[in-house]
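Contents: one structure, followed by commentary.
The values are calculated or read from the model by the stated rules, or taken from the named source; none is laboratory data. These numbers come from a predicted model, not from an experiment. For accessibility, only protein heavy atoms count, side chains too; no ligands or nucleic acids. Shrake-Rupley method; radii C 1.70, N 1.55, O 1.52, S 1.80 Å.
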Amino acid sequence: MKATDLLGAEAVDTDGRSLGRVHDVRLARSAYDTPWYIDAVIVGPSALAYRLGYAEHTVNGPKILASLARRLGRRNRSISWRQVISVQHRRLVVRPDAERITP
């Protein structure tokens with residue numbers, strides 16, 4: 001599976017309730033010479049705040065842009081890849097406790 005296969009996929013909990021669409025995939029690696037792996041997916045109406053670094057408060061200014069990006073990204077959530085139970089037919093099934101993850 002490629003990370004691009006996840007973009008646009010619907011994320012649902014085990015009861016079938018929609019959590020939104022995957023707008024971004026966060027990659028990580030444990031050391032410089034190790035392979036990249038999927039750390040989390042960004043789910044919600046838009047991923048702009050995450051892509052710019054405002055949703056996780058890693059970028060602070062300019063203040064007006066930060067405020068706008070955080071407001072737009074308020075309904076987004078980052079779901080850890082460990083919360084994903086299965087991926088089939090452009091649909092991610094995640095554990096029910098994943099919806100309690102704060103943005």
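Given the whole protein assembly as supplied and a 1.4 Å probe, what does the accessible area of Leu68 come to in Å², nearest 10?
Result for Leu68: roughly 100 Å² accessible.
Ignoring ligands and nucleic acids, what accessible area does Tyr37 show with a 1.4 Å probe (Å², nearest 10)?
That residue has around 110 Å² of solvent-accessible surface.
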